[in-house]
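Here's the structure we're looking at; comments come further down.
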Amino acid sequence: MQSKSLIVATAGHVDHGKTSLVNFITGTDTDTLAEEKQRGLTINLGFAYHQFEQTIDSETYKCTLGFVDVPGHIDFISNMLAGVGSVDFVLLVIAADDGIMPQTREHLAIIKLLGIKQGAIALTKIDRVVSDRVGQINTEIEILLAGSNLQSSPLFPLSNQSGEGIKELVSHLKNELKNTLTDEHNIANKNFRFLIDRSFSVKGIGTVATGSTRVGQASKDSEALCTSNGQPARIRGLRLHEDAIDTVVSGQRAALNIDMDLDQVTRGDWLIDPASYHPVSRFDGTFSLLESNTKIRPSSEYHLYLGASHHIVNLRYLDMDSKRFVQVKSYVPLFAHYGDRFIIRDPASEYTLGGGEVVDTFVPRKKRSSKQRLESLKAMCNDDSAALVAMVAIAEEGTDLNQFAINRNLTANYVNDLSSSLQAENYPLTRLELKPNGTNVLLHEKFFNNYRKKILNQIESFHASNPSQQGTSEPALSRSVNFSGSHFLFNVLLQSSFLRFIVFTTYVARRTLSNEKSHL
């Protein structure tokens with residue numbers, strides 16, 4: 001039987017009924033800690049599932065609504081951010097008696113910054129208020145949601161005590177799951193990335209990591225790397241709630257039994273394809289503030305929330321005019337790829353400042369704020385094919401296809417297909433293989449021809465000034481033409497078939513002329 005999944009995170013102020021609602025739908029109390037029971041509030045992330053069969057286009061599917069119940073108290077905002085950092089659908093819960101509260105507003109802002117566009121509103125505790133209050137709070141919520149990602153989301157008045165309205169909410173969630181399309185591109189063309197939000201040990205089984213598959217796929221007995229230490233971890237088994245499965249794909253929550261010690265696996269780590277392993281201490285990204293008058297100080301330490309991880313970082317704008325791009329510097333290595341969303345909170349982590357999207361994890365050592373760098377970042381902010389075209393058009397030193405693939409977490413086959421399709425469309429570029437590492441670089445023909453012209457002119461000038469010498473060295477030639485790229489690229493430019501032929505014939509002609517002059 002085929003399967004479909006939808007991962008739903010709750011959001012909203014403390015004591016607005018998030019946990020009770022999840023319990024009503026799934027039959028699972030996600031508050032498992034003794035302190036949570038004692039205090040009557042959610043502290044850690046809670047997980048629950050509602051499974052059912054559904055017929056879609058004459059096919060029967062095993063469907064799973066996976067719930068991530070997050071804390072609503074400001075003191076546990078880190079756990080909340082870890083929970084919503086890996087979902088595609090959010091259920092904003094607002095109590096009819098309390099109405100809109102501070103964490104309602106902050107959670108809604110976080111939802112927008114994370115780019116979550118699917119959602120619904122649950123208006124709980126309607127049994128505690130008169131009907132006029134329900135109408136009043138509906139109007140307030142409509143005003144609150146104006147301009148947000150949830151502006152057009154349906155609202156469900158309900159009671160966690162009587163169950164009123166919950167049937168309609170569940171029906172809507174099932175319909176959302178039914179209409180969720182499988183993202184074949186994320187499955188087939190991106191490397192496996194599994195975000196860990198919980199880990200524990202089971203007697204007789206070993207370490208189990210639960211979380212969500214963000215992109216790609218993995219099967220039983222396949223090998224992944226754990227980003228905590230870069231060590232391989234074989235996947236011994238996979239479970240989707242109570243069902244053993246053979247393969248986990250993009251969009252599914254699952255539990256993975258891995259052959260790794262429990263103390264090496266923590267929330268925020270990733271299980272990834274080895275080809276994607278690229279720890280970084282800096283990345284460049286887009287950034288927007290919730291309040292435009294907020295000052296970002298390069299010397300201050302801010303709180304970064306990325307996926308399910310938390311880091312202390314420095315921020316600095318790369319373009320002070322538009323303030324579109326920032327560079328994030330972390331004190332410890334982190335793992336990110338193009339398109340990953342992040343949240344920034346103030347130095348005391350008391351409120352959310354803003355958020356953004358990762359653009360490039362290969363930060364240059366020099367000229368990080370140069371005009372060319374900013375143009376390159378703008379070029380990257382496109383889908384894969386358009387980004388590659390735009391980058392090649394402005395990259396005087398060529399576009400490294402290996403870096404392009406790692407930054408965007410794309411499979412090597414997919415990037416090769418992209419490159420081949422551009423060449424098949426007669427796009428003016430040259431594909432060069434750099435030795436000794438075999439890296440492929442795409443170089444626009446306008447740059448290739450310009451380098452060729454400079455090199456040939458310099459060779460002619462050298463032999464005109466030094467007729468008795470056999471030739472110049474490659475490093476000296478590189479310096480004389482002010483080549484700023486790598487020596488690997490310069491070597492390939494010299495060795496490319498067309499250029500090599502011209503260089504050789506020019507050299508022979510110069511040596512022949514020199515010999516004739518000596519004979520005379």
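Some notes on this structure:
- Each of Cys63, Tyr49, Thr352 was scored by the projection of its Cα onto the charge dipole of the chain, and the greatest displacement toward the positive side belongs to Thr352; charges sit on the C-beta of Lys, Arg, Asp and Glu.
- Size of region 309-463: Rg and Dmax of its alpha carbons, in Å, are 18.6, 69.
- Unit charges at the beta carbon, dipole of the chain: most positive-side option, Gln118, Gln469, Met80: Gln469
- The share of alpha-carbon pairs in region 91-179 lying farther apart than 23 Å comes to 22%.
- Whole-number D in µm²/s for region 27-149 (Stokes-Einstein; Kirkwood sum over Cα pairs; 25 °C, 0.890 mPa s): 150 µm²/s
- Electrostatic dipole magnitude of the chain [Cβ: Lys, Arg +1; Asp, Glu -1; Cα centre; debye, to 20]: 2240 debye
- Scaled radius of gyration (Cα, divided by 2.2 N^0.38 Å) that region 140-225 gives: 1.61
- Calculated diffusion of region 166-216, Stokes-Einstein form, Kirkwood radius summed over Cα pairs, 20 °C and 1.002 mPa s, µm²/s: 155 µm²/s
- Subset of Lys62/Lys190; Lys220/Lys366; Lys18/Lys178; Lys112/Lys203; Lys174/Lys323 violating a 32 Å alpha-carbon distance limit: Lys220/Lys366; Lys112/Lys203; Lys174/Lys323
- Magnitude of the charge dipole, region 306-411, Cβ model with Lys/Arg +1 and Asp/Glu -1, debye to 20: 380 debye
- Using alpha-carbon coordinates, inclination of helix 384-394 to the longest axis of the chain, degrees: 40 degrees
- Local electrostatic count, Phe362, Cβ distance below 15 Å [Lys/Arg +1, Asp/Glu -1]: +3
- For region 83-129, convex hull volume per residue from C-alpha positions, Å³: 67 Å³
- Positive dipole terminus of the chain, leading residue within Gln136, Val249, Gly485 (C-beta point charges): Gly485
- If you bin all the Cα-Cα distances of region 254-369 at 5 Å, starting from zero, the percentages per bin are 2, 10, 21, 24, 18, 11, 8, 4, 2, 1, 0.
- For the chain, the longest principal axis of the Cα atoms and the long axis of helix 131-145 meet at an angle of about 10 degrees.
- Dipole magnitude of region 94-187 about its Cα centre (Cβ charges: Lys, Arg +1; Asp, Glu -1), debye to nearest 20: 80 debye
- Per residue, the accessible area of region 292-440 comes to 48 Å², computed with a 1.4 Å probe over protein heavy atoms only.
- Rounded to 10°, Cα long-axis angle of helix 497-519 versus longest principal axis of the chain: 20 degrees
- Region 166-270 - convex hull of the alpha-carbon atoms, volume per residue in Å³: 116 Å³
- Using θ = phi - 60° in the Karplus curve 6.51 cos²θ - 1.76 cosθ + 1.60, the 3J(HN,Hα) couplings for region 221-228 round to 6, 7, 10, 10, 10, 8, 6, 5 Hz; x is entered for Gly and Pro.
- Between amide H atoms placed 1.01 Å from N, distances below 5 Å from Ala122 occur with Leu92, Val93, Ile94, Phe156, all of them 5 or more places distant or on a separate chain.
- Relative contact order computed over the chain (Cα-Cα under 8 Å; 6+ residues apart), in percent: 9 percent
The values are calculated or read from the model by the stated rules, or taken from the named source; none is laboratory data. If you're wondering where the values come from, they're calculated on a predicted model, not measured in any experiment. For neighbour counting, all protein chains shown are included, and Cβ atoms are generated from backbone atoms with ideal geometry for every residue, glycine included. To get the accessible areas, we keep the full protein, side chains included, count just its heavy atoms, and leave off ligands, DNA and RNA. Shrake-Rupley method; radii C 1.70, N 1.55, O 1.52, S 1.80 Å.
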